[in-house]
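Notes follow the structure.
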Amino acid sequence: MGRFFITTPIYYVNDAPHVGHAYTTVNADAIARWHRLCGEEVFFLTGTDEHGAKVAESAAEHDMAPLAWADRTSARFKAAWSGLDIAYDDFIRTTEPRHHRAVQSFLQRVYDNGYIEKGLYQGLYCVRCEDYYTEEQLIGGNCPVHGTPVSFMEEENYFFRLDAFADRLLEWYEEHPEAVRPATKRNEALGFIKGGLQRISITRTSMHWGVPVPWDDAHVFYVWYDALINYATAIGYGSDEERFARWWPSVHHLLGKEILRFHCVWWPAMCMAAGIEPPANLFVHGWLLFGGEKLSKTMLQRLARSAEELAITDVAPDVLTDDFGVDAIRYHLLRAPLGSDSEFSYDGIVARYNADLANNLGNLVARVATVVGSKCGGIGPAPDPRSPLAAIADEVRVEAAAAWARFAPHDALGATWRLIGGANSLLESSEPWKMEPGPEVDAVLGSALEALRIVALLASPAMPATCAEIWRRIGMAGTPEDRRVPDDARWGGYPGGLAVSKGDPLFPRRRD
Ligand code: ME8
């Protein structure tokens with residue numbers, strides 16, 4: 001049996017989850033569900049990043065101890081994911097003892113291998129990024145990511161010899177041309193490496209909210225250094241070597257483009273320094289943009305201050321799912337191409353909802369059930385092996401599978417929706433509702449039911465509850481998730497003779 005290990009970044013607990021986090025998590029969830037449908041053993045990891053100055057500051061602002069604050073916000077992420085039907089296999093918190101142990105054993109190894117040394121660090125620091133910048137990297141004297149002022153910092157700490165890995169990283173990139181995708185992001189990472197790597201400061205004495213350095217208890221590890229290791233902790237690094245070897249290095253890291261350097265330069269080098277293989281697959285996605293800007297916490301706070309335009313709550317995942325339904329929001333997030341930036345707007349959700357869900361999928365389900373009721377006594381006929389839909393379904397099955405496999409849910413769903421469109425066109429051209437009951441009507445309706453069965457299978461990673469409901473309405477037993485692709489998605493699987501039930505509209509049309 002194949003194995004598939006996928007991760008999201010672990011999110012900071014300095015603030016509440018928003019739709020940008022949901023974008024990554026829903027995509028990872030749908031891709032994980034696809035691989036389960038393929039019959040693979042899947043491990044889907046997400047979690048929260050709970051150390052560092054930023055979290056300590058947020059806790060202090062709320063008059064709380066850092067751990068109590070982390071408990072509260074981490075729980076909000078879990079609640080958000082349960083509200084979006086996210087089926088993760090593990091939710092890691094970096095404050096857990098298992099993570100502290102793994103970080104200490106990983107970095108002790110790097111230290112023992114001679115890649116960590118002591119030195120004095122001075123530089124311009126952004127607290128929000130938890131990262132140092134050079135003068136040239138600043139924009140108008142401010143942090144290039146947050147646009148907020150940076151501060152001068154000086155401290156004695158330990159350094160990781162990132163500079164020692166430039167050649168090995170370039171070699172690794174050469175030998176693994178597909179490791180970082182898309183190609184534009186691979187080039188960006190290569191640009192960082194070729195631009196020159198410097199040793200990086202990886203410990204702090206200025207604050208204590210972090211994993212203690214095992215060989216020097218005056219220091220804690222810098223939060224990025226502990227955070228990246230979560231991917232190894234969760235599969236047993238340092239505690240269960242057999243388990244670790246089963247899952248590593250063939251991981252798929254999904255991440256936003258602003259953390260490319262950490263994942264595509266630092267992390268592979270850290271792995272090399274610890275004597276393990278670098279992660280095999282890194283997929284760097286774009287941002288959801290809101291009025292052309294990254295939909296960030298900072299921006300949301302600003303929006304909340306100028307609430308006439310749009311309130312912060314409009315982009316919190318639960319407000320959207322309460323308004324449109326869980327699967328409609330999942331679908332919307334999955335239709336934004338993963339590799340590039342996409343505009344995100346309320347009007348955009350309404351437009352896509354009406355076009356794809358209300359008019360196309362919802363309409364097909366309702367029409368088929370109604371006409372099967374009036375022309376076939378409510379019993380679904382078997383599909384026609386010569387239906388024009390059979391050829392579309394064959395094509396769509398192959399295309400959707402390839403698209404899911406290359407981390408392109410938007411293309412997989414685009415292909416799947418061609419089958420819905422084909423079924424709607426068949427109904428419109430043959431107008432079974434005007435025909436006398438008989439073999440001709442049966443052939444059309446049986447084929448439309450078969451198209452719905454295949455759509456419910458192929459779209460189930462995106463819209464699990466809706467697809468299970470379609471499955472039930474066309475009379476199939478169990479849920480699509482009990483089945484396997486590609487075999488069960490071949491034309492002819494709908495047996496006929498099943499009771500087809502009508503129900504409330506799946507996606508009532510929106511007027512706003
Ligand atoms: O960076 N569009 O955590 P974070 C798309 N703790 N994705 C977005 C987004 C947007 N507008 N805004 C956020 C951290 N994201 C670190 C990660 S990993 C070892 C440590 C998503 O809470 C996207 O996945 O700032 C991005 O990379 C992540 O949230 C950043 O979350």
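The values are calculated or read from the model by the stated rules, or taken from the named source; none is laboratory data. Predicted model, so just to flag it, every value in this text is computed and none were measured. Counting neighbours? That spans all protein chains shown, and the Cβs are built from the backbone with ideal geometry, glycine included.
Hey, could you check the range 479-512 for residues that are small (Gly, Ala, Ser) and under 26 Å from ALA402 (Cα atoms) and say which is surrounded by the fewest Cβ atoms within 10 Å (Cβ to Cβ)?
Applying the first criterion (small (Gly, Ala, Ser)) to the range 479-512 yields 489, 492-493, 496-497, 499, 501, 503.
Filter once more, so that each one left must be under 26 Å from ALA402 (Cα atoms): 489, 492-493.
Values: ALA489: 24, GLY492: 13, GLY493: 15.
Ranking the qualifying residues of the range 479-512, first place goes to GLY492.
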Check your understanding: Checking VAL368 against (1) closer than 23 Å to ASP327 by Cβ; (2) under 29 Å from the mean Cα position of the chain (by Cα), which test does it fail?
Key -> (2)
**Study point:** Top-ranked residue in the range 419-445 [being surrounded by 13 or more Cβ atoms within 10 Å (Cβ to Cβ) and among the charged types (D, E, K, R); ranked as nearest to LEU357 (Cα to Cα)]
**Key:** ASP442
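When only residues in the range 261-292 that are within 25 Å of ALA166 (Cβ to Cβ) and small (Gly, Ala, Ser) count, which is farthest from the ligand (Cβ to nearest atom)?
Residues of the range 261-292 within 25 Å of ALA166 (Cβ to Cβ): 261-284.
From the residues that got through so far, the ones that are small (Gly, Ala, Ser) too are 269, 273-275, 280.
Working: ALA269: 15, ALA273: 17, ALA274: 16, GLY275: 20, ALA280: 17 Å.
Going through the qualifying residues, I end up with GLY275.
Considering only the range 226-273, state which residues are within 22 Å of the chain's Cα centre (by Cα) and either of a type in the set (Asp, Glu) or at pLDDT below 95 (or both). Give the steps one after another, and end with the answer.
Initial filter on the range 226-273 (within 22 Å of the chain's Cα centre (by Cα)): 226-235, 247-268.
The answer is ASP226, GLU258.
Could you check how many residues of the range 122-144 are under 19 Å from SER206 (Cβ atoms) and either over 30 Å from the mean Cα position of the chain (by Cα) or of a type in the set (Val, Ile, Thr) (or both)?
Residues in the range 122-144 being under 19 Å from SER206 (Cβ atoms) and either over 30 Å from the mean Cα position of the chain (by Cα) or of a type in the set (Val, Ile, Thr) (or both): 4 in total.
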Practice item. Look at PHE77 and say whether it is more than 23 Å from SER206 (Cβ to Cβ) and part of a strand (DSSP E or B). Key: no
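Within the range 226-249, is even one residue hydroxyl-bearing (Ser, Thr, Tyr) and more than 17 Å from ARG98 (Cα to Cα)? Quick ask: steps written out before the conclusion?
Initially, the range 226-249 is screened for residues hydroxyl-bearing (Ser, Thr, Tyr), giving 231, 233, 237, 239.
Still in the list and also more than 17 Å from ARG98 (Cα to Cα): none.
Taking every residue of the range 226-249 in turn, none turns out to be hydroxyl-bearing (Ser, Thr, Tyr) and more than 17 Å from ARG98 (Cα to Cα).
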Check your understanding: Wholly within the range 175-260, which helices (runs of 4 or more DSSP H) include no fewer than the required count, namely at least 3 residues that are away from the ligand (no atom under 13 Å from the Cβ)?
Key -> 183-194, 241-247
Exercise for review: Any chance you could count how many residues in the range 249-275 are surrounded by 20 or more Cβ atoms within 10 Å (Cβ to Cβ), over 27 Å from LEU288 (Cα atoms) and not aliphatic (A, V, I, L, M)?
Suggested key: 1
Point to revise | Close pairs from the range 94-121: first closer than 20 Å to SER206 by Cβ and loosely packed, with under 13 Cβ neighbours inside 10 Å, partner hydrophobic (A, V, I, L, M, F, W, C) and at pLDDT 95 or above, Cβ under 8 Å, at least 6 apart | key: GLU117/PHE159; LYS118/PHE159; GLY119/PHE159
Exercise for review: Within the range 453-472, count every residue that is buried (at least 23 other Cβ atoms within 10 Å of the Cβ) and among the basic types (Lys, Arg).
Suggested key: 1
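Does the range 59-73 contain at least one residue that is under 27 Å from ALA328 (Cβ atoms) and within 15 Å of the ligand (Cβ to nearest atom)? Spell out the reasoning first.
Going through the range 59-73, the residues under 27 Å from ALA328 (Cβ atoms) turn out to be 73.
From what's left, within 15 Å of the ligand (Cβ to nearest atom): 73.
Checking the range 59-73: at least one residue is under 27 Å from ALA328 (Cβ atoms) and within 15 Å of the ligand (Cβ to nearest atom).
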Check your understanding: Which of the residues belonging to the range 1-19 are within 9 Å of the ligand (Cβ to nearest atom), surrounded by 22 or more Cβ atoms within 10 Å (Cβ to Cβ) and closer than 17 Å to LEU334 by Cα?
Key -> THR7, THR8, VAL19
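Can you go through LEU45, LEU67 and tell me which one is assigned to a helix (DSSP H, G or I) and at pLDDT 95 or above? Talk me through it step by step, then tell me what you get.
On the way: LEU45 fails: assigned to a helix (DSSP H, G or I).
Residue meeting the stated conditions: LEU67.
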Practice item. Pairs only if they're at least six apart or on different chains, beta carbon under 8 angstrom, first in the range 59-77 and crowded, with 16+ Cβ neighbours inside 10 Å, second charged (D, E, K, R); list them, first residue then second. Key: PRO66/GLU50; ALA70/GLU50; ALA70/ARG93; THR73/ASP15; SER74/GLU50; SER74/ARG93
Check your understanding: Going by the structure shown, is ASP327 crowded, with 18+ Cβ neighbours inside 10 Å, out of contact with any strand residue (DSSP E or B) (no Cβ under 9 Å at 6 or more places or on another chain), on the phi < 0 side of the Ramachandran plot and charged (D, E, K, R)?
Key -> yes
Practice item. Among the residues of the range 19-69, write down those that are within 30 Å of VAL220 (Cα to Cα) and small (Gly, Ala, Ser). Key: GLY20, GLY47, GLY52, ALA53, ALA56, SER58, ALA59, ALA60, ALA65, ALA68
Exercise for review: Search the range 433-449 for residues that are in contact (Cβ under 8 Å) with a residue 12 or more places away in the chain and pair each with any residue that is among the acidic types (Asp, Glu) and part of a loop (DSSP other than H, G, I, E, B) when their beta-carbon atoms are under 7 Å apart and the residues are at least 6 apart or on different chains.
Suggested key: ALA443/ASP384; GLY446/ASP384; SER447/ASP384
